Amino acid sequence: FHFWQTFPLRIELFDHSSTPADRHLASRMPLATTATAAAALLTTASFASAFVPTTPPRAFRSAVAARATPSSHESPPWAGSLDPDANLVYMDFWRHQQSLLEGELGARRVELSEDMALQTNEKMGARIASAEYETDDFRKIRMTYFDAGKKVQVYNSLWYPRNDLDAPVLGIDLLCFGGAKLLAVIDCQPLQPKGDATFRPSACTSFEKIRAAYPSLQGKMSSRFYDEDTFFSDAMLYGRYEDAAPVATDVLPALKEYMSAYLAMIGRTERSEGSEEVARVVSQQKEYDQYSADHDPAHALFTSYFGADWADEYVHDFLFDMSERKEKEAVKEVAVAAG
């Protein structure tokens, strides 16, 4: 199996006697200013192509049936999977980020359309829920949880800094297939290729220290879907597991450290004042979204469970909303030329 997407980041280590939010806020505010929550978390990426159903259903959103699980049409955090015999392997990650965002960081929740916030296919025992936040330092922080019982469990999050902050995005992809094959990817993704003159390897130093502390997360990503030299860092946390035990002992603690480091880095990043610098960041984030949308293997998974139209909208209008839909346009051009 292969993972979908990851993200980069830089960081400065802070005094651990305070909370991540305290350190982040202190770094951004004048000394005489009373701290109020600001900053945030969250983002995407994409889903793996493994465990795609062999019989794709039509796109549909079923009404609440008498036999439906009460939680099937509720937003996370969920108490249990649609499959009573399956575990929500990564729900603690949703809870942690939501608590940090809404509690310590004071993030503002962005209202999503009903179809983007929650999509359910009760016939196939699957649902996907999403949430989006923003802060003074992040223009978009998104979270997604995909629950298909024992077949698939996915948690994904992506953080985009505001356009006047020249900083990496933070990506989190956690996947579980068949209840026994797990993949964890956490990365501070630089928006410049490694060969680019503006790429700053020193941005990864603090994250490399975190990576060194977790041997099980020192794996190497597959090149099947992505080029490791494009939008990925050398400090990526990457782990494959055959059981869920390391999720609690390694992955969750590592994620918390990575997030703290990322917030510290954002807090020390100087804001750009020139229009050229802001335009460059916008262009880089757009290129990132386009690359991610074009290479995302999740589209087939979404299509199989929720239909092609919804999958297109979800990928281009929510996951990577600065991307353009090229494939259909190209097909139309070929058809016109052939006609």
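The values are calculated or read from the model by the stated rules, or taken from the named source; none is laboratory data. Here the structure is a predicted model, which is why all the values come from computation and not from measurement. Please note: Cβ atoms are built from the backbone with ideal geometry, for glycine as well, and neighbour counts cover all protein chains shown. Keep in mind that these areas ignore ligands, DNA and RNA; they rest on the heavy atoms of the full protein, side chains included. Shrake-Rupley method; radii C 1.70, N 1.55, O 1.52, S 1.80 Å.
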Query raised in the report: Looking at (1) modelled with pLDDT of 95 or more; (2) crowded, with 16+ Cβ neighbours inside 10 Å; (3) farther than 15 Å from residue 142 by Cα, which is the one condition that is false for residue 69?
Result: (1)
Report task. Please state which of the following conditions residue 108 fails to meet, knowing it meets all the rest: (1) in contact (Cβ under 8 Å) with a residue 40 or more places away in the chain; (2) under 18 Å from the mean Cα position of the chain (by Cα). Result -> (1)
Query - Test: residue in segment 103-112 that is under 21 Å from residue 319 (Cβ atoms), of a type in the set (Asp, Glu) and surrounded by fewer than 16 Cβ atoms within 10 Å (Cβ to Cβ) - result: yes
**Report entry** Failed item, numbered, when residue 87 is tested on (1) surrounded by fewer than 19 Cβ atoms within 10 Å (Cβ to Cβ); (2) farther than 24 Å from residue 252 by Cβ
**Finding:** (2)
Query raised in the report: Going through segment 241-294 one residue at a time, which ones are closer than 15 Å to residue 322 by Cα, in contact (Cβ under 8 Å) with a residue 40 or more places away in the chain and either of a type in the set (A, V, I, L, M, F, W, C) or open to solvent by less than 80 Å² (accessible area, probe 1.4 Å) (or both)?
Result: 281, 282, 284, 285, 288, 291, 292
Requested in this report: Looking only at segment 295-329, count how many residues are under 25 Å from residue 120 (Cα atoms), open to solvent by 30 Å² or more (accessible area, probe 1.4 Å) and more than 16 Å from the chain's Cα centre (by Cα).
Outcome: 6
Report summary line: Among 173, 166, the single one that is surrounded by fewer than 22 Cβ atoms within 10 Å (Cβ to Cβ) and in contact (Cβ under 8 Å) with a residue 24 or more places away in the chain is 166
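To keep it simple, each residue is scored yes or no on (1) under 18 Å from the mean Cα position of the chain (by Cα); (2) modelled with pLDDT of 95 or more; (3) farther than 28 Å from residue 108 by Cα.
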| residue | (1), (2), (3) |
| --- | --- |
| 199 | no, no, yes |
| 210 | no, yes, yes |
| 249 | no, yes, yes |
| 255 | yes, yes, no |
| 260 | yes, yes, no |
Requested in this report: Starting from segment 117-134, keep only residues that are at pLDDT 95 or above, then list their pairs with residues that are open to solvent by less than 10 Å² (accessible area, probe 1.4 Å) and aliphatic (A, V, I, L, M) whose Cβ atoms are within a distance under 6 Å, requiring at least 6 positions of separation or different chains.
Outcome: 118/129; 119/128; 126/148; 131/143; 133/40; 133/42; 133/101; 133/141
Report task. State whether the residues of segment 137-144 include one that is touching a Ser or Thr at 6+ places or on another chain (Cβ under 7 Å), under 28 Å from residue 264 (Cβ atoms) and modelled with pLDDT under 95. Result -> no
Query raised in the report: Which one of 81, 99, 75 is surrounded by fewer than 18 Cβ atoms within 10 Å (Cβ to Cβ), small (Gly, Ala, Ser) and modelled with pLDDT of 95 or more?
Result: 99
